[in-house]
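S.K.: One structure, pasted below without further comment.
Values in this text are rule-based calculations from the coordinates and carry no lab data. Here the structure is a predicted model, which means the values were calculated and not measured. For neighbour counting, all protein chains shown are included, and Cβ atoms are generated from backbone atoms with ideal geometry for every residue, glycine included.
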Amino acid sequence: MPTSEPIDRRGPAHPEVSVVVPLYWSAATIGQLVERVCAALEERGIAHEVIVVDDGSGDNTWAVVEGLLARFPALRGIRLTRNFGQQAALGVGLEASTGDWVVTMDADLQDDPAYLPLLLDTAKAGADIVLAQWDDPVGSFSARWSSWLFYGFFNRLTGVSLPRGTGTFRIMSRRVVDHFLALPDRTEFFGGMVAWFGFPMTTITVVRHEREHGESGYSFRRRLSLATSALVSFSTIPLKLAAVAGLIVCAFSLLLGVVIVVLRFTGVIVTAGFAGLMVALLFMSGTILLSTGILGFYLGSLIKTTGRRPAGVIAQDTGSSFNRSGSDPG
Ligand code: UDP
Ligand code: MG
């Protein structure tokens with residue numbers, strides 16, 4: 001039975017901060033990222049672990065990670081069997097994390113590791129979640145407007161208030177992470193879930209860098225699919241809209257029916273037009289298909305949740321200096 005109570009899965013020795021980074025075709029940036037993350041935390045004497053989750057990259061990302069292990073004892077590499085998507089990779093990384101605080105960030109150096117101490121300080125000053133909010137929107141045109149649209153929709157439809165211009169880059173307290181891991185439907189939309197708990201949340205303003213290497217792992221289609229599953233898992237308003245649309249169409253056709261009957265009997269029209277028939281027919285079937293489609297999204301979401309599949313499957317886990325002994329992938 002799914003439990004809603006968080007469980008502390010950690011061993012006796014754990015770092016103050018875990019940094020979780022999903023990797024996808026990240027060979028070009030991962031070395032620099034790990035180096036800068038470790039440097040930023042070491043400078044302040046903050047005990048840390050860096051958990052990178054290779055989400056089925058097709059390049060030599062994993063080989064690069066293995067090469068970094070000797071140099072960075074705080075590094076733990078987890079390789080998934082295939083590409084499961086960023087949300088899943090994040091879930092696997094969070095499950096492995098043992099820190100009192102957990103940072104999640106992107107691998108492409110758009111999120112600057114220099115902000116890590118500030119994130120931690122802000123959190124310790126009294127927030128369970130600190131989101132990095134970029135001052136200036138970056139990314140492609142389609143990425144920017146789809147994000148703008150998404151946040152607008154999300155905040156309006158769900159009642160969960162998610163600040164615009166925030167993404168994966170954030171720090172969370174252990175209790176937030178444990179609550180998140182206890183959710184049965186946690187693979188849907190990490191950012192929204194975390195805000196949904198309602199723990200004290202604040203933001204810091206950061207400069208987000210442009211991507212220097214490679215391309216975004218998100219196509220427009222992928223963004224759309226993420227946005228759909230996020231909305232579906234947080235709001236039943238689309239379902240209600242489908243019902244309302246159905247109601248309106250019914251009322252309208254009833255009215256039209258009455259009008260046609262009246263016109264027929266008063267002799268204004270001799271036969272109801274073929275075009276009118278087609279329009280009504282197409283409109284009706286369109287509405288029905290749309291409603292069925294919306295239902296389908298919810299059904300799909302339900303199946304994923306009740307199936308309780310793991311977020312992703314681990315192929316290899318190097319463990320970290322905090323738990324090298326526990327490096328079996330179970
Ligand atoms: N990512 C992933 N699996 C994927 C796609 C992306 O783990 O299938 C990770 C990627 O390594 C990066 C983060 O998700 O750390 C954000 O991806 P990206 O930079 O491509 O997205 P954008 O910044 O353009 O939104
Ligand atoms: Mg990016």
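S.K.: What is the chain's relative contact order, in percent, from Cα pairs under 8 angstrom and six or more apart in sequence? If you can, show how the numbers build up before the last one.
M.R.: Values: 514 pairs, mean separation 76.6, N = 330.
After rounding, I find 23 percent.
S.K.: Let me ask you something else. Of the peptides 207-215, 67-75, how do they stack up when ordered by the mean number of other Cβ atoms within 10 Å, highest first? Display every interim value, and only then the final one.
M.R.: Numbers: 207-215: 13.1, 67-75: 15.6.
My ranking of the peptides, most packed first, is 67-75, 207-215.
S.K.: Residue separation times 0.36 nm, minus the C-alpha to C-alpha distance between E215 and K304: what's the value?
M.R.: Residue separation times 0.36 nm, minus the Cα-Cα distance, leaves 29.1 nm.
S.K.: Tabulate in residue order the Karplus-calculated ³J(HN,Hα) for the stretch 168-181, using 6.51 cos²θ - 1.76 cosθ + 1.60 with θ = phi - 60°, rounded to whole Hz; enter x for Gly and Pro.
M.R.: Once rounded to whole Hz, the list reads 6, 5, 6, 10, 9, 6, 4, 5, 5, 4, 5, 4, 4, 5.
S.K.: Among Y218, P310, G257, which residue has its Cα positioned farthest towards the positive end of the charge dipole of the stretch 204-313, with +1 placed on the Cβ of Lys and Arg, -1 on the Cβ of Asp and Glu, and the dipole taken about the Cα centre?
M.R.: Ranked along the dipole, the leading option is P310.
S.K.: How large is the dipole of the chain about the Cα centre if only Lys and Arg carry +1 and Asp and Glu carry -1, each at its Cβ, rounded to the nearest 20 debye? Don't jump to the answer; show the numbers that get you there.
M.R.: Numbers: 27 positive and 29 negative charges, 265 e Å.
For this selection, approximately 1280 debye.
S.K.: Nearest 10 degrees is fine. How inclined is helix 220-234 to the longest principal axis of the chain, computing both from alpha carbons?
M.R.: The two axes meet at around 80 degrees.
S.K.: Roughly what % antiparallel, to the nearest 5, for the DSSP beta bridges in the chain?
M.R.: Details: 11 of 33 bridges.
Percentage antiparallel, nearest 5: 35.
S.K.: Go ahead and estimate [θ] at 222 nm for the chain from helices alone: -39,500 (n - 2.57) per DSSP H run with n ≥ 4, summed, over the residue count, rounded to 500.
M.R.: -15500 deg cm²/dmol
S.K.: Now for a separate question. Please work out the Cα center distance from the stretch 225-295 to the stretch 120-199, rounded to the nearest Å.
M.R.: 37
S.K.: To continue, here is another question. Under a point spin-label approximation (7 Å from Cα along Cα-to-Cβ), what is the R82-L157 distance to one decimal in nm?
M.R.: 2.8
S.K.: Using 1/(1 + (r/R0)^6) with R0 = 35 angstrom and r between the beta carbons of M284 and L181, what's the FRET efficiency to the nearest 0.05? Walk me through the numbers before you get to the answer.
M.R.: Details: r = 46 Å, r/R0 = 1.30.
So the FRET efficiency works out to roughly 0.15.
S.K.: Something else: Which of P15, F153, T81 sits farthest toward the positive end of the charge dipole of the chain, with +1 on the Cβ of Lys and Arg and -1 on the Cβ of Asp and Glu?
M.R.: Comparing the listed Cα positions along the dipole, F153 ranks first.
S.K.: So how tilted is helix 274-307 from the main axis of the chain? Cα-based, degrees 0 to 90, rounded to 10.
M.R.: For 274-307 against the chain, the angle is about 30 degrees.
S.K.: For the chain, find the longest principal axis of its Cα atoms and tell me its angle to the long axis of helix 141-158, 0 to 90°, nearest 10.
M.R.: Helix 141-158 and the main axis of the chain meet at about 70 degrees.
S.K.: Roughly how many debye, to the nearest 20, is the charge dipole of the stretch 76-229 about its Cα centre, given +1 on each Lys and Arg Cβ, -1 on each Asp and Glu Cβ, and no other charges? Write out the running numbers ahead of the final one.
M.R.: Details: 16 positive and 16 negative charges, 89 e Å.
The dipole magnitude comes to about 420 debye.
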